[in-house]
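These notes concern the structure reproduced below.
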Amino acid sequence: YEYATLLRSMNKPQAALKVFDSIIDTTEKQEYSYSLGKIFAAKASLLQQQGDIKNAGLNAEQALRIFQLNKDTVGTARILTLLARMANHQANYHLAEERLHQALETLSEVDYALGEGAILNELIYTLMVQGKHESAWTYNNRLLKIAIQIKYKAMHLSALRAFFDMSRVQYRWQEASHYLKEYQKLAIQTEDKRRQTKAHLMQLDLWLDQGITNALSDKIDLVQSHIDDSNEFRMQPTLSIKKARFQWLTGLFETAIETLEIAK
């Protein structure tokens, strides 16, 4: 399991999936149902990241059944959250909300702030994409409070990102700039290079939304250097979309379309 997790973190998903499958074969023969639930959940999460929602869903349902049979409250809440994420990817927001509220209710039986924060993070996104910003803002305040209480920087950064995104979508530029600065400051404090780069991407969005183009080229080059140096290839389409927006704003319409085709 640890080896598969390591392969996953090294961006070797196919190799990790093969290891998960070999563990499932061994575990099924030995009937360690609790361990099997953990493996199905990990495999489902990886498949979902790869865009294989159908097989991810099948593995997630297997994990959910095992967790429920074992009365594993935390495992059940986690897999409900994963199922909600899949529903979000299929734009089934009503189902996603339903799953997430089930997860929160399940987790209310135990004192597990980190798990509650993970569910809230997904719920906030689900509400945001539907334009339910008032509810999302309330839940995000709750998420930020948990993050500060348990001193979990990643959760803190996630809450700041949500505040930034909501402010930006509503054209509240001053608020968006404030939350971006807070995000950048925390990413630097924690020496998190990946999130520092994400802050650059956020800055690009903010400038593009306002039609500010004078510093965009240098910022795009900075992010591209990070992608090239760290093999952070999943960021490439995101950067390319922003680059296309920049090209469009500066009148390079055909080039912008070509950039989007490559990103696609």
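The values are calculated or read from the model by the stated rules, or taken from the named source; none is laboratory data. Source: prediction; values computed, not measured. All Cβ positions, glycine included, derive from the backbone under ideal geometry; neighbour counts span all protein chains shown. Accessible surface areas use protein heavy atoms only, side chains included; no ligands, DNA or RNA. Shrake-Rupley method; radii C 1.70, N 1.55, O 1.52, S 1.80 Å.
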Practice prompt. Would you mind stating whether D229 is more than 20 Å from L120 (Cβ to Cβ), acidic (D, E) and touching a helix residue (DSSP H, G or I) at 6+ places or on another chain (Cβ under 7 Å)?
Written response: no
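Taking the stated definitions as given, is E254 surrounded by fewer than 12 Cβ atoms within 10 Å (Cβ to Cβ), more than 23 Å from R8 (Cα to Cα) and free of Cβ contacts under 8 Å to residues at least 40 places away in the same chain?
yes
Report yes if some residue within the stretch 177-192 is open to solvent by less than 80 Å² (accessible area, probe 1.4 Å) and closer than 25 Å to Q247 by Cβ; otherwise report no.
Within the stretch 177-192, one or more residues are open to solvent by less than 80 Å² (accessible area, probe 1.4 Å) and closer than 25 Å to Q247 by Cβ.
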Practice prompt. Looking for whichever is farther than 21 Å from Y125 by Cβ and basic (K, R) here; the options are K181, K198. Which one fits?
Written response: K181
Fill in: All positions within the stretch 6-28 that are open to solvent by 90 Å² or more (accessible area, probe 1.4 Å) and at pLDDT 90 or above
L6, K12, Q14, K18
Practice prompt. Within the stretch 194-210, identify whether any single residue is hydrophobic (A, V, I, L, M, F, W, C) and assigned to a loop (DSSP other than H, G, I, E, B), and answer yes or no.
Written response: no
Item to complete: Test E31 against the stated conditions and say whether it is at pLDDT below 90, charged (D, E, K, R) and open to solvent by 30 Å² or more (accessible area, probe 1.4 Å).
Response: yes
Discussion item. Given the condition in contact with a Leu (Cβ under 6 Å, 6 or more places away or on another chain), of a type in the set (D, E, K, R) and open to solvent by 30 Å² or more (accessible area, probe 1.4 Å), answer yes or no: does some residue in the stretch 154-165 qualify?
Written reply: no
Worksheet entry | When residues of the stretch 56-72 are limited to those that are within 23 Å of the chain's Cα centre (by Cα), open to solvent by 30 Å² or more (accessible area, probe 1.4 Å) and not acidic (D, E), the one farthest from P13 (Cα to Cα) | Q62
Practice prompt. For K38, state whether it is farther than 22 Å from H89 by Cα, charged (D, E, K, R) and surrounded by 17 or more Cβ atoms within 10 Å (Cβ to Cβ).
Written response: yes
Worksheet entry | Test: L104 is open to solvent by 20 Å² or more (accessible area, probe 1.4 Å), modelled with pLDDT of 95 or more and either assigned to a helix (DSSP H, G or I) or touching an Asp or Glu at 6+ places or on another chain (Cβ under 8 Å) (or both) | yes
Discussion item. Can you list residue pairs whose Cβ atoms sit under 6 Å apart, with the first residue in the stretch 49-71 being under 10 Å from L83 (Cα atoms) and the second being of a type in the set (V, I, T) and open to solvent by less than 70 Å² (accessible area, probe 1.4 Å)? Count only pairs 6 or more apart in sequence or on different chains.
Written reply: A60/I79; L64/I79
Item to complete: Identify all residues within the stretch 225-251 that are surrounded by 12 or more Cβ atoms within 10 Å (Cβ to Cβ), in a helix (DSSP H, G or I), in contact (Cβ under 8 Å) with a residue 24 or more places away in the chain and not aliphatic (A, V, I, L, M); write none if there are none.
Response: H226, S230, Q236, P237, T238, K242, R245, F246
Worksheet, complete the sentence: Screening T81, T76 for residues that are under 18 Å from Y34 (Cα atoms), open to solvent by less than 30 Å² (accessible area, probe 1.4 Å) and in contact (Cβ under 8 Å) with a residue 24 or more places away in the chain leaves only T76
Worksheet item: Under the condition of being basic (K, R) and crowded, with 18+ Cβ neighbours inside 10 Å, which residue from the stretch 194-215 is nearest to F246 (Cα to Cα)?
Response: K198
